[in-house]
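Chemist: Sharing a structure here in structure tokens format.
Since every read-out is calculated from the coordinates, none of them should be taken as a lab result. Bear in mind that the values here come from a model prediction, so they are computed numbers and not experimental data. Cβ placement follows ideal geometry from the backbone for every residue including glycine, while neighbour counts extend to all protein chains displayed.
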Amino acid sequence: MATTEPTLHQLFDLALTVNGTRHEQAVEPRTLLSDFLRHDLGLTGTHVACEHGVCGACTVLLDGEPVRSCLVFAVQAHGHSVTTVEGLGSIEQLHPVQEAFRQAHGVQCGFCTPGILTTVVAFLAENPDPSEEEIREALSGNLCRCTGYQHIVDAVRLAAQNMKAAPQQPAR
Amino acid sequence: MTKTLIGQRVLRNEDPRLLTGQAQFVDDVEIPGLLHAAFLRSDHAHARLLGLDVSAARERPGVVAVFTAEDMGADWEPGPPLVSPPPTAKDVLFHSRRQVPLVKDKIRHAGEAIAVVIAESRYIAEDAVEDIVVDLEPLEAVVDLEMAMQPDSPRVHDDLESNLAAHLFQKKGDYDAARKQADLVLQRRIVIDRGAAAAMENRGIVADWDEKSQHLTIWDTTQAPIPIRNGTAARLGLSENQVRVIAPFIGGGFGPKMMMFYSEELVIPWAAKKLKRPIKWIEDRRENFYATTQERGQIHHVEIALSRDGHILGLKDIFLHDTGAYDPYGLTIPLNTQCHAMGGYDIKNFTTEVSVVFTNKTLVTPVRGAGRPQGIYVIERMLDAAARELVIDPVEIRRRNLIPPDAFPYEHGIIDQAFSPLILDSGNYWAVMQKALEMIGYEEFVRDEQPRLRKEGKYVGIGIAPFIESTGVGPYEGARVTVEASGKIFVATGVGTQGQGHFTTFAQVVAEQLGVAPSDVRLVSGDTAEFHWGTGTFASRGAVVAGNAIHAAASIVRRKVLELASKQLDTPEDELELEGGRVRVADIPNRSISLAELANLANPLRGAVEPGTEPGLEATAYFGPRYGATAFGTHAMILEIDPETMMIDIKRYVTVEDCGTVLNPLILEGQIHGGVSLGIGNAYYEKLHFDENGQLLNASFADYLVPSATEMPRIEVGHVETRSPLNELGTKGVGEAGTIPVPALFAQAVENALADRGLEILESPLSPNRLYELWSRKEAR
Amino acid sequence: MKPAPFDYYAPTTVDQALAHLAEHGYEAKVLAGGQSLVPMMNFRLVQPSVLVDLNSIPDLAFIHPDEDGGLRIGALTRHYQVEVDPLVAARTSLLHDAVPKIGYPQIRRRGTIGGSLCHADPSAELVAVSVALNGRFRLRGPKAERWVPAQDFFIGLFSTVLEPDELMVEVALPPLPARTGTSFMEVARRRHDFALVGVAAVVSLDEKGVVRQARMVFLSAGDRPMEAHRAADALAGQAPTPEALRAAAEIAASDEIDPSSDIHATSEFRRHLAKVLARRALDQACRRAAGKE
């Protein structure tokens, strides 16, 4: 339960679930969720590129919803569940969205990719048969400097197709 | 025979790691006891530094050290010059002024590093930065290029007579004579403004000095790990072998990460060695806008002389180039501009003169395009102006001037960025342009669709822009290819990688020679411990120069494999094939030997070898082109503009690219798409706004407008392949091709859409506001 | 860019939240969606010493139908909820049209209606829309609560009548009369940037198709939502002909807005865009009111 006691620059006893695993740690309230995930938990798949909520590279799923982890304090995730790119799939077993990105060459430098993958996984869960325009709209909050977005859009289409053919378990 | 791998859409080896968040970027490096750095940066663009009080910062709990220029003592030294002025040109004036580790006396651009705090976390380090008290005397800032050249302008460097950083004059033929023959002479002033590379990954550096082993390891988001290793070793009084620089996965380079010895690269390794603690500095996005290099600012005064039938008799271009506060990168960008101002056209008389100007702004070093877009913008705008005046179709005037296929190699007689004579090695220019015209349906559009849409009240326009791209420049790169005991192939090369698929394209080159699957080729790039000769990824040269070095090394290994296999299988070499990781006797598939076996035979643990035998199946090779290969392309676009709001909608976008042999079309398309997105940014969305005090007004992604998925059109990519004679693979570079012609294309298409208003666009970038102003001005007349 | 340190409270009821605000006054900032506040904290443009996080107060997020046919929306309701809610689409088309234009998809998952209104950025879609819809806001203080009409709530750049010890808890939107059409239009550089200029228009027609009442509120056209009263008055009683709409747009853009200049647009261009959008939005609202769209 969230504390209502004054913390006076004290550490906050944070407890949350990340990719299905429970974590407990004392953190400073000002620690951003993006930094907590990357440096306290060592989950460096989530990337930080702007820290003002525009580029989307840090997007994670908070209770299944895509949010900018650079705009959430870690303490706000207390009692909640976070999914990062590491929770979507592994090298041995790629999530269908990850596999589609590979097939369609939707990755170049890979820095924006984790934020796009979490966004897309959440998007396809709610909109399993999107048009190109809907896909671009859904991606409009994720900047990419390498790909020009085209192969990313193709990857999302491919993922939608493949997932319709073989429905998946939701991400943790 | 196996199907050739060159030209195959091979999926990328590196993707599974990148897709699962398992790829290591610099900020992912964790070392026990790691400390974190934050820099105090100047708020002023131009000021004298009178004093610094860091005592409060030093006392803050969690702060380990605070360093200033004074603390660096004798170790304080400006960065080395990275690119010297061209030795082969006379009439070169060059004042070398390089960036400093930390400001000593004078601040020369907003964001310049003044002090560094080393603390237990970045959070605490930033708290401590706010504790530092700075005493400075603000000075008037030098911002505007033309004002900077006025005699009464404040000076960025007090020891110089003016803000002139460099001057270079080049000529081909005799422009003045040509001008006298002309039926039409046109003059224009063209202004191009700055943009940022804005790679998604900001810069960063981790330096770990191990006192016991006397060894320094550096992780750096650099496109040039080997020069960083060499220079850092020299600065710190170490042997090169004591320093290892690793450029791990890099989140986009685009040029600024090729700039070397940024202040942070001068300070952090020094601090790590001094404190004997590992230190990490990761740039944040705001810092990136101030402290990472930018490019494009130029002002051109151009004159073109033509005959009545549209043949270009001569071109004269006098321009100012903004280099920012320092000029470590020499004349690379303006040389590129000079070499591209003639485009792919047969221009026999050309005079070009550049004055490089210091300003109180962030340093300028190459950003994808690196001066080429400006050159192409100039010639394409002048041709469009000429076409209008002479009443010649814009496509036709280009056709009449393009270099014909039988004129190659075409010598321009001026020098390029590699200080060699500018020679266009090969090409089939009109064929490429024709293909673009076909793909976009140029004729039908102009003849049928456009008039119909115009009648409906729509403002639609079409544009076409051909361009050259100098690529694959020297000096050289190298590679080592090894068949390992497992039969898998290991490749090491000095050149780094920032997302352009080297792990895969280079694997294809090797796999082609050795008959293995690309996924069985493991590449290590950007680690000086693995390979330590080379320069870096820039000027679209990775595939050409490193690719050819890898090809050469792999070819030598192939010969060694065949030689050894021939002995083992007792069959002449020309009857052997390499396929599936084995060497087989052609037509007798069960007589074969695996590469693994051969590798082990080549490295015996016992017994004697013949004199002169080298162990293993390994080879190191280098490749240095005589000069850079020149690629050619053409972009075409149809757009609609809302004349009331000046908002644009790109209906179609076509590119045709001739970069010689294509190694991997999937990766090539990705490069084109990405380049076009930066080009569209440069053309219509991205502009760095500096005010008259040198303050950057849009240092964030909220206000610096990088195109998102909703602004980008679908891009249709076509190919023509004219092999380059300059290297065995026949390949040319393509990394910057997507970017180069876009601003020129936009200007043409928008003018075409608003043709009834007779707008002329001579600036870049554009914006709805700017178009509205140009439109209103025309209305007022 | 890391924020400065702060004390953190996560109350679970409105009363607890109000108690924290009463104790800390101007030192405290309320954290709702955080999509505007946290970037400013990361840039260190604001450095509150106390943060009161409302996100653990469940009863602050709701969308309920009002008996009068309008809507009641809890202050902590996320934009995304408003975007997908069928009640909103049915009862307030203006809100339904405007919400997708707020920032990026991920922003809308966290950003809240109360947060946006209290932040009072004149470029915010909801700020203009709440005024155009004649909305009312319920503000709760430590001792009392009050209802404030939207048009009285915004008093300047990022300034509202909300006291430091008050919280906005609810937004009430009245029903739209019959034969009313709405239109929301904005011009932005990229799809999801802040609008260079925007307008929310509401037009009601009488049985003869004559304008009974009109309302136009502009965003990014001044230091607060700018309502074009005179333009609306000029339209009342008129048939919605192209000339009448153009004239109204002219009045609105010339006299009733006060746009500023910045790196993205000059005040002159903003004024020009306002005139264009006003004309287009009025046209769309009129056609919708007449059931033609």
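Chemist: Given the options A:21, A:44, A:59, which has the most mean-square fluctuation in a GNM of chain A, springs set between C-alpha atoms less than 10 angstrom apart?
Modeler: Per the Cα network of chain A with a 10 Å cutoff, A:21 tops the list.
Chemist: Expressed as a whole number of Å, what is the distance separating the alpha-carbon centroids of the stretch B:49-81 and the stretch B:155-214?
Modeler: Rounded to whole Å, the Cα centres lie 31 Å apart.
Chemist: What net charge is computed for the residues neighbouring residue A:122, neighbours being all others with C-beta under 12 Å from the C-beta of residue A:122, Lys and Arg scored +1, Asp and Glu -1?
Modeler: Around residue A:122, the surrounding residues sum to -2.
Chemist: Amide H to amide H, which residues 5 or more places from residue A:12 or on other chains are under 5 Å from it, using H placed in the peptide plane?
Modeler: Those lying under 5 Å, H to H, from residue A:12 are A:27, A:28.
Chemist: Based solely on its DSSP helices, what 222 nm [θ] is calculated for chain C when runs of n ≥ 4 H residues each add -39,500 (n - 2.57) and the sum is averaged over all residues, nearest 500 deg cm²/dmol?
Modeler: One gets -10000 deg cm²/dmol as the mean residue ellipticity at 222 nm.
Chemist: Also, I was wondering about something else. Along Cα→Cβ, 7 Å out, is where each label goes; now give me the distance between the ones at residue B:476 and residue B:31 in nm to one decimal.
Modeler: The two pseudo-label positions are separated by 3.2 nm.
Chemist: Also, I was wondering about something else. I need the P(r) histogram for the stretch A:7-87: all alpha carbon pairs, bin width 5 Å from 0 out to the longest distance, whole percents.
Modeler: Result, from short to long distances: 3, 17, 30, 28, 15, 6, 1 percent.
Chemist: As a check on your grasp of the helix formula, calculate [θ] at 222 nm for chain B: sum -39500 (n - 2.57) over DSSP H runs of n ≥ 4, divide by the residue count, round to the nearest 500.
Modeler: It lands at -7500 deg cm²/dmol.
Chemist: Here's a follow-up. Using the alpha-carbon centroid of each, what span in Å lies between the stretch B:98-128 and the stretch C:149-174?
Modeler: Taking the Cα centre of the stretch C:149-174 as reference, the centre of the stretch B:98-128 is 42 Å away.
Chemist: State the answer as a single residue: which of B:621, B:121, B:81 lies farthest towards the positive end of the charge dipole of the protein assembly as shown, with beta carbon charges of +1 for Lys and Arg and -1 for Asp and Glu, about the Cα centre.
Modeler: The one lying farthest along the dipole's positive direction is B:621.
Chemist: Dipole magnitude of the stretch B:1-94 about its Cα centre, charges +1 at Lys/Arg Cβ and -1 at Asp/Glu Cβ only, in debye to the nearest 20?
Modeler: I would put it at about 600 debye.
Chemist: Only counting other Cβ atoms within 10 Å, I'd like B:415, B:588 sorted with the fewest neighbours first.
Modeler: Listing B:415, B:588 from fewest to most nearby Cβ atoms yields B:588, B:415.
Chemist: Using the Kirkwood formula over every pair of different C-alpha atoms, what hydrodynamic radius in Å results for the protein assembly as shown?
Modeler: The Cα-based Kirkwood calculation yields 32.3 Å.
Chemist: Taking the Cα centre of each part, how many Å lie between the stretch A:54-105 and the stretch C:14-28?
Modeler: 34
Chemist: How do B:44, C:229 line up, fewest other C-beta atoms within 10 Å first?
Modeler: C:229, B:44
Chemist: Kindly state, as a whole number, the per residue volume in cubic angstrom of the convex hull around the alpha carbon atoms of the stretch B:1-153.
Modeler: 277
Chemist: So what is the 222 nm mean residue ellipticity for chain A from helices alone, if each DSSP H run of at least 4 adds -39500 (n - 2.57) and you divide by all residues, rounding to the nearest 500 deg cm²/dmol?
Modeler: -8000 deg cm²/dmol
Chemist: Which of B:194, B:308 has the fewest other C-beta atoms within 10 Å, and how do the rest follow up to the most?
Modeler: Listed from fewest to most nearby Cβ atoms, that is B:308, B:194.
Chemist: If you don't mind, another one. Just to confirm the filter: which trypsin sites (Lys or Arg not before Pro) across the stretch C:153-231 are DSSP coil and have at most 10 other Cβ within 10 angstrom of their Cβ?
Modeler: Here the trypsin sites (Lys or Arg not before Pro) that fit, given the DSSP loop and packing criteria, are C:208.
Chemist: Karplus couplings for the stretch C:220-226 from phi (6.51 cos²θ - 1.76 cosθ + 1.60, θ = phi - 60°), rounded to Hz, Gly and Pro as x?
Modeler: Per-residue couplings from phi come out as 6, 10, x, 8, 7, x, 9 Hz.
Chemist: Using each residue's phi in the stretch B:549-560, evaluate 6.51 cos²θ - 1.76 cosθ + 1.60 at θ = phi - 60° and report the 3J(HN,Hα) Karplus result to the nearest Hz, with x for Gly and Pro.
Modeler: Computed from phi, the couplings for the stretch B:549-560 are 5, 5, 4, 5, 5, 5, 5, 5, 5, 4, 5, 5 Hz.
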